[in-house]
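Take a look at the structure below.
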């Protein structure tokens with residue numbers, strides 16, 4: 001039973017890097033808006049991605065994948081998230097960095113198989129007890145990670161939910177806080193929380209709710225504020241991945257010996273996967289479940305080797321496969337595991353199967369909009385001159401560098417006893433934290449002092 005209590009007070013909020021993205025920002029005629037659904041600019045890339053979404057919905061992407069190509073910091077990951085959001089709120093989105101497949105514990109094929117199964121969902125219908133309502137207040141308590149003390153993670157969440165008839169203030173633990181943080185849930189969102197499992201589902205924005213953030217007019221679908229009590233029985237549709245079901249069945253079939261050895265083996269047998277597949281097919285045939293192909297996003301795809309590319313080429317042709325989205329910021333480079341150079345470090349036979357979408361550097365005005373959206377997402381209040389200063393840094397250095405200075409600037413403003421970040425705070429943060437160009441110059445200036 002998920003631990004959910006009704007109580008009182010807590011602290012700050014934390015936003016994940018792409019939590020504000022709710023789609024591709026396309027209008028009714030299929031054309032991208034300059035700023036919508038949390039995305040700014042990249043109009044051609046967003047229109048191309050929208051066409052890909054239509055092909056997926058029509059079942060015309062079999063045997064094909066997507067390759068996002070562009071310089072660093074041009075929104076490739078954001079575009080992949082937008083594709084997944086357009087396909088549906090519960091569409092599985094699994095992200096994997098190419099370097100993650102090179103593990104000493106698990107074979108490459110096992111890592112890739114797990115990633116593929118994490119990207120395929122099963123939508124199951126059942127009746128459950130839930131907490132449902134519009135978010136009227138939310139505070140996420142942040143604490144240092146037990147594993148890495150330099151990293152802060154959500155530990156607890158206090159949330160006030162309201163319907164047309166009542167309000168309740170709840171507190172919940174780490175798993176629910178993490179889901180709320182990852183989804184970017186804020187005031188004005190209509191959500192429900194499964195009282196037994198702790199699964200959180202975001203329904204959309206409440207119609208006419210005052211106090212919700214409004215930086216993005218198209219920030220999600222509008223829904224009515226729920227009626228009745230906050231805690232109620234509801235017919236739910238939960239989405240699990242094939243990997244979730246694999247792990248559940250594997251844990252149930254553990255031997256006593258494996259339990260006492262802390263089950264260090266992380267590979268899943270093919271017998272377990274066959275049982276899961278048979279169970280899922282049975283539920284689908286009974287009409288209590290349906291299959292949802294999700295999105296597998298592999299970043300830095302140029303780091304994959306020739307064996308992995310071969311595996312992915314075969315996976316694209318499988319009857320049950322997720323939508324494969326690769327991203328790279330490399331031009332012509334060597335295919336890992338060979339002496340052959342190729343565009344983006346990929347075999348030509350795989351490139352031939354991919355729809356390639358290119359992204360371009362942002363304009364100064366687009367960078368300004370992105371910084372403003374990110375500041376609002378992080379609850380950082382910028383004076384106009386501070387926003388202009390960050391925009392200049394984005395065009396002269398990089399957009400990522402400007403965004404990285406947001407939180408240090410806020411710390412400096414608070415140290416000075418202010419809630420609003422001024423241009424002087426941004427300049428001071430820039431002096432304390434070097435950008436790439438200054439770092440390179442520093443290395444050249446003191447080259448003789450560095451160890452060879």
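Just so you know, all these numbers are worked out from the coordinates, no wet-lab data involved. Given the structure is predicted, the values throughout are model-derived calculations rather than measurements. Heads up, the Cβs are rebuilt from the backbone with ideal geometry, glycines too, and the neighbour counts pull from every protein chain shown.
From most to least packed by mean Cβ count within 10 Å, the peptides 327-338, 79-90 give 79-90, 327-338. As a rough guide to protection, the peptides 55-61, 351-357 ranked by mean Cβ packing within 10 Å, highest first, stand as 351-357, 55-61.
Seen from every direction in turn and averaged, the convex hull around the alpha carbons of region 124-236 projects onto 8.0 nm².
Which order results if 117, 400 are arranged by neighbouring Cβ count within 10 Å, fewest first?
Listed from fewest to most nearby Cβ atoms, that is 400, 117.
Scaling the Cα radius of gyration of region 21-100 by the globular reference 2.2 N^0.38 Å produces a ratio of 1.08.
Spatially, region 155-201 and region 307-360 are offset by 39 Å when compared through their Cα centroids.
Across the chain, the relative contact order, built from alpha-carbon pairs under 8 Å that are at least six residues apart, equals 21 percent. Each peptide in 155-165, 185-195 receives the mean, over its residues, of other Cβ atoms within 10 Å, and ordering these scores from highest gives 185-195, 155-165. Annotation: Cα Rg of region 364-441 relative to the compact-globule expectation 2.2 N^0.38 Å equals 1.00.
Helical content alone sets the calculated 222 nm signal of the chain at -10500 deg cm²/dmol, taking -39,500 (n - 2.57) per DSSP H segment of four or more residues and averaging over every residue. Among beta bridges identified by DSSP and lying wholly in the chain, the antiparallel ones come to about 70 percent.
Scaling the Cα radius of gyration of region 276-405 by the globular reference 2.2 N^0.38 Å produces a ratio of 1.53. From the alpha carbon centroid of region 386-452 to that of region 16-82 is 30 Å.
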